[in-house]
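Here's the structure we're looking at; comments come further down.
The values are calculated or read from the model by the stated rules, or taken from the named source; none is laboratory data. As the structure is a prediction and not an experimental result, all values here were calculated from the model. Heads up, the Cβs are rebuilt from the backbone with ideal geometry, glycines too, and the neighbour counts pull from every protein chain shown. These accessible areas exclude ligands, DNA and RNA; they are computed on the full protein's heavy atoms, side chains included. Shrake-Rupley method; radii C 1.70, N 1.55, O 1.52, S 1.80 Å.
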Amino acid sequence: MPNLLLTRPYEDSLSLASKLEAFNIKTLISPVLTLQYFQDLVFPHPYFTTIVTSRHAVRALALNNLSRSI
């Protein structure tokens, strides 16, 4: 029986499971969602700020070749 149920996306869970294994913590990977990145996202213009809440959001923006300026 697992000590910890991992429900994050599969790739994230694999990474965490390998780290937990070092501490002899058994895991069961059971993602509750699958990430899907779409090309050609439409954003309203002009926009001043984009707020992202996860590294997956950053990846989605990067896949759409959106430039950024700081």
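I'd like to verify a number: residues in the stretch 1-35 that are assigned to a loop (DSSP other than H, G, I, E, B), open to solvent by 100 Å² or more (accessible area, probe 1.4 Å) and within 19 Å of Ala57 (Cβ to Cβ), how many? Qualifying residue count, the stretch 1-35: 3.
Looking only at the stretch 32-48, filter to residues that are hydroxyl-bearing (Ser, Thr, Tyr) and within 27 Å of Arg8 (Cβ to Cβ); which one of those is modelled with the highest pLDDT? Result: Thr34. For the stretch 55-70: of the residues being surrounded by 10 or more Cβ atoms within 10 Å (Cβ to Cβ) and assigned to a loop (DSSP other than H, G, I, E, B), which is modelled with the lowest pLDDT? Among those that are surrounded by 10 or more Cβ atoms within 10 Å (Cβ to Cβ) and assigned to a loop (DSSP other than H, G, I, E, B), it is Leu66.
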